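Trainee: Below you'll find the structure I mean.
The values are calculated or read from the model by the stated rules, or taken from the named source; none is laboratory data. Nothing here was measured: the structure is a model prediction, and the numbers come from that model. For neighbour counting, all protein chains shown are included, and Cβ atoms are generated from backbone atoms with ideal geometry for every residue, glycine included.
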Amino acid sequence: MSQTTKFAAGGKSTGRQGYAKLSHVRNIGIAAHVDAGKTTLTERILFYTGASHKIGEVHDGAAHMDWMAEEQQHGITITAAVTRAPWREHLLQVVDTPGHVDFTIEVERSMRVLDGVILVLDGVRGVEPQTETVWRQRCRFGLPVIFFINKMDRPGADFLRSLAHVRERLGIEPVAMTVPLVDQAAVVDLLHKRLLTFGGEQGERVTSKPCPAEIWAPLAGLRESLLLAAADADETLADRVLAGDEPEPAELIAALRKGTLAGRIFPCFGGSALRNLGVQPVMDAAVDLLPAPLDRPPARAQLPDGGSEEVVLGAKGPLAALVFKVQMWDGRRHCFTRVYRNRLLPGDKVSFLAADGRVVTEQVARIFDTDAGRKTKLDEADAGQIVLLAGLRHASTGDTLCAPEHVLSLERIETRQPVLSLAIEPAAGTLEDKLLEALDKVEQEDPTLKVAEDPETGQRLLKGMGELHLQIVLERLEREFGLRVRSGRPAVALRETITRSAAAEALYTRPPTPDGKHPELTAWAAVSVKPRPRGDGNRIDCDPRVRPEGAELLPEQVAALRDGLAAALASGPLHGAPVEDCAVVLEQVELFGAATNAEALAAAAAKAARRAVDEARPAVLRPVMQVEVVVPEDNLGSVLGDIQQRRGEIQATAIRDASVTIDCEVPLEALLGYTTDLRSLTQGRGQFSMQFLRFDVV
Ligand SMILES: Nc1nc2c(ncn2[C@@H]2O[C@H](COP(=O)(O)OP(=O)(O)OP(=O)(O)O)[C@@H](O)[C@H]2O)c(=O)[nH]1
Ligand SMILES: [Mg+2]
């Protein structure tokens with residue numbers, strides 16, 4: 001199958017009738033730690049629904065969902081892909097997200113517009129660091145979730161231990177729904193009390209029979225927990241369950257659905273995607289237990305006047321639609337958008353409040369349904385739908401498209417600040433302006449990528465989330481645009497801070513120009529600065545004593561002073577990096593009549609603040625990562641020693657089976673190239689994952 005774009009991959013066209021009934025749509029994301037088997041699971045979903053005709057395996061570089069050349073080469077998912085699959089008269093709109101932390105923005109923006117999540121765990125490794133990250137993301141959006149404990153075929157996999165892990169590390173009570181029996185190629189369906197086997201070449205033939213007593217006996221307790229969970233979610237069942245009555249499966253499903261939608265029940269399924277074991281029950285659960293768009297609570301939107309408004313999904317009320325992804329398609333800019341309220345027609349004028357606070361109005365030229373790697377033109381896009389818009393030149397990730405007379409903003413999509421940068425320059429044969437053009441395109445698609453210039457060396461910098469992120473960008477430049485670049489060693493992003501309190505004053509004067517066009521300017525300011533706790537950010541206090549006595553500041557003068565202080569914090573004295581965790585108080589200003597305009601005030605405040613920061617013993621902050629290393633016990637000594645040499649702080653070690661998990665905090669700088677080093681320290685058996693923790697003095 002040919003896929004020309006992400007967010008369009010896979011799926012036989014189900015036409016628009018899929019949306020005719022919103023109650024029959026499930027927008028779900030598949031999320032997990034890297035390598036848990038999300039893509040492998042998604043491939044099965046596509047195959048069993050008939051949306052694809054054969055299963056493509058990740059390790060063959062053949063997964064439909066991992067269509068991008070870089071994904072196939074590296075065997076990982078990089079950008080989230082949407083696919084559509086019809087199942088039991090419902091339309092599953094599935095987004096397979098990447099697990100690697102460098103691409104976490106893809107998870108963030110997918111979760112932002114989806115209605116439910118399938119969280120995949122590795123049955124050997126249980127809850128891993130990225131599992132916790134996606135869990136937090138899921139909590140922030142309050143998304144109902146079901147778990148799939150995958151890889152149960154691997155030696156050391158343990159379903160019950162994985163459930164215990166979920167209980168301990170995520171602090172919730174999982175409810176087992178299916179229990180995998182790998183050697184019998186079967187799962188026990190606890191709800192229906194049946195044994196399901198998966199026959200045929202690819203597990204597509206599901207047969208169900210009553211569960212034999214000897215298999216059932218040890219599982220009866222899990223069934224009990226399931227009944228109690230259902231009773232807890234639906235009071236009308238409670239008395240009956242306590243009296244020993246057995247409610248009908250349909251009644252139990254209704255109760256479990258209620259509890260799952262309310263975020264109180266967490267159904268768990270077990271199986272092996274690769275061995276085609278136990279996947280269909282998860283698909284059934286997506287229909288039975290995860291929400292339709294209308295089941296989700298209304299969204300809150302900010303109004304420009306500071307008020308807020310509830311946005312209920314549906315046709316009533318002025319337009320609200322969220323752009324969650326920009327993508328170049330045949331070289332043209334397209335916006336993936338979810339419509340929340342009202343509808344969009346081709347030719348509609350839409351307005352939005354851009355990130356910089358301006359209201360921009362532009363026109364939607366065409367609307368597409370994205371399906372099977374094709375775009376199909378649509379006459380309209382209704383509430384609940386996820387569509388592709390062409391013609392918008394300015395709208396970008398996180399913007400809310402609105403009716404021009406009623407502008408509001410749905411919650412923006414959080415992006416992260418890049419922590420790593422790479423100096424790049426065009427290699428021989430690559431033209432500078434072509435490179436800039438390509439970088440601009442890549443930057444528009446990826447809000448975690450920044451192209452900047454080093455203020456000191458004038459070098460062009462590519463800033464991103466990690467080594468893999470930057471490497472993939474370079475590979476894409478070469479493959480998609482035919483541009484080769486030379487790059488230096490990656491360098492970590494820096495911040496600056498102050499380590500003690502200080503105060504300073506400054507007089508700003510500029511003599512008049514001889515031609516008399518610019519009059520003399522003068523202003524005076526006194527500023528004090530004080531360190532704040534790490535991670536608390538900056539605070540600017542702009543309520544100074546004003547001289548001469550009796551003079552008062554106009555609002556625009558206060559704004560200018562504030563701008564001046566902010567400008568001083570934007571670049572610190574050591575490396576020109578942003579200053580963080582600093583409290584600035586503008587203590588006093590002096591006005592000199594007409595010579596003190598806004599420009600002079602801003603300049604005086606900035607000058608005084610810079611002097612104060614200079615006096616406050618500035619220090620450099622570097623990114624510190626939270627790292628989890630899993631190594632065979634034999635290698636523990638050498639790996640710990642190596643971490644200490646990298647100035648890592650070990651926080652905990654835990655032994656499980658024959659491997660040890662080490663939790664530690666390590667400066668990012670010391671982790672560059674760690675993948676290779678860990679491999680050689682452990683003969684290829686060690687693994688690690690990391691995520692940004694904070695900027696700190698290291
Ligand atoms: N033994 C076993 N291997 C599996 C199973 N599911 C997936 N794998 C393998 O695990 C590796 C990772 O699978 P993927 O499906 O790419 O995992 P992913 O979660 O999509 O990974 P990222 O997108 O990179 O985060 C591949 O080599 C799969 O073949 C399973 O059930 N059992
Ligand atoms: Mg994947």
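Trainee: Can you tell me which residue in the stretch 203-226 is farthest from R275 (Cα to Cα), limited to those that are loosely packed, with under 14 Cβ neighbours inside 10 Å and of a type outside the set (G, A, S)?
Mentor: The qualifying residue farthest from R275 (Cα to Cα) is E224.
Trainee: Any residue at all in the stretch 127-149 that is of a type in the set (A, V, I, L, M, F, W, C) and without any contact (Cβ under 8 Å) to a residue 12 or more places away in the chain?
Mentor: Within the stretch 127-149 (the criterion being of a type in the set (A, V, I, L, M, F, W, C) and without any contact (Cβ under 8 Å) to a residue 12 or more places away in the chain), the answer is yes, since at least one residue qualifies.
Trainee: Got a sec? Which helices (runs of 4 or more DSSP H) wholly within the stretch 209-254 have at least 2 residues that are outside the structural domain of M177 (by TED's automatic domain parsing) and under 18 Å from L196 (Cβ atoms)? Steps first, answer last, please.
Mentor: Working: elements: 213-216, 220-233, 235-242.
Because the criterion is at least 2 residues that are outside the structural domain of M177 (by TED's automatic domain parsing) and under 18 Å from L196 (Cβ atoms), the helices (runs of 4 or more DSSP H) in the stretch 209-254 that meet it are 213-216, 220-233.
Trainee: Further, regarding this structure: For the stretch 481-571, which strands (runs of 3 or more DSSP E) that fit wholly inside it have 2 or more residues that are out of contact with any Gly (no Cβ under 7 Å at 6 or more places or on another chain), farther than 30 Å from L672 by Cα and among the polar types (S, T, N, Q)? Before you say what the answer is, go through the steps one by one.
Mentor: Numbers: elements: 485-487, 495-498, 502-510, 521-531, 539-541, 545-547.
Here the list reads 521-531.
Trainee: Could you list, in sequence order, the residues of the stretch 270-319 that are within 16 Å of ligand 1 (Cβ to nearest atom) and part of a strand (DSSP E or B)? Please lay out each step first, then the result.
Mentor: Of the residues in the stretch 270-319, the ones within 16 Å of ligand 1 (Cβ to nearest atom) are 270-283.
Across the stretch 270-319, the qualifying residues are G270, S272, L277.
Trainee: Now a separate question. Is the stretch 582-602 home to any residue that is under 30 Å from F688 (Cα atoms) and in contact with a helix residue (DSSP H, G or I) (Cβ under 8 Å, 6 or more places away or on another chain)?
Mentor: Checked the stretch 582-602: no residue is under 30 Å from F688 (Cα atoms) and in contact with a helix residue (DSSP H, G or I) (Cβ under 8 Å, 6 or more places away or on another chain).
Trainee: Residue under question is A577, and the condition is that it be surrounded by fewer than 16 Cβ atoms within 10 Å (Cβ to Cβ) and either in the same structural domain as P511 (by TED's automatic domain parsing) or among the hydrophobic types (A, V, I, L, M, F, W, C) (or both); does it hold? Show your work before the answer.
Mentor: Values: surrounded by fewer than 16 Cβ atoms within 10 Å (Cβ to Cβ): no; either in the same structural domain as P511 (by TED's automatic domain parsing) or among the hydrophobic types (A, V, I, L, M, F, W, C) (or both): yes.
So A577 fails the test.
Trainee: I've got another one for you. Report those strands (runs of 3 or more DSSP E) wholly inside the stretch 155-197 carrying at least 3 residues which are surrounded by fewer than 20 Cβ atoms within 10 Å (Cβ to Cβ) and in contact with a His (Cβ under 9 Å, 6 or more places away or on another chain).
Mentor: Working: elements: 174-176, 178-181, 186-189.
Strands (runs of 3 or more DSSP E) meeting the threshold: none at all.
Trainee: Now for a different question. Counting only residues that are of a type in the set (K, R) and buried (at least 24 other Cβ atoms within 10 Å of the Cβ), which one in the stretch 71-111 is farthest from ligand 1 (Cβ to nearest atom)?
Mentor: Of the residues in the stretch 71-111, the ones of a type in the set (K, R) are 84, 88, 109.
Next, from what is left, pick out any that are buried (at least 24 other Cβ atoms within 10 Å of the Cβ): 84, 109.
Details: R84: 19, R109: 16 Å.
Filtering the stretch 71-111 for residues that are of a type in the set (K, R) and buried (at least 24 other Cβ atoms within 10 Å of the Cβ), the one farthest from ligand 1 (Cβ to nearest atom) comes out as R84.
Trainee: If you take the residues of the stretch 120-138 that are within 11 Å of ligand 1 (Cβ to nearest atom) and of a type in the set (A, V, I, L, M), which of them is surrounded by the most Cβ atoms within 10 Å (Cβ to Cβ)?
Mentor: V120
Trainee: Can you work out which of the residues in the stretch 355-371 that are modelled with pLDDT under 90 and buried (at least 21 other Cβ atoms within 10 Å of the Cβ) is farthest from E309 (Cα to Cα)?
Mentor: Among residues in the stretch 355-371 that are modelled with pLDDT under 90 and buried (at least 21 other Cβ atoms within 10 Å of the Cβ), the one farthest from E309 (Cα to Cα) is D371.
Trainee: Moving on to the next point. Given the options Q73, Q130, name the one that is at pLDDT 85 or above and either in a strand (DSSP E or B) or within 14 Å of ligand 2 (Cβ to nearest atom) (or both).
Mentor: Among Q73, Q130, only Q130 is at pLDDT 85 or above and either in a strand (DSSP E or B) or within 14 Å of ligand 2 (Cβ to nearest atom) (or both).
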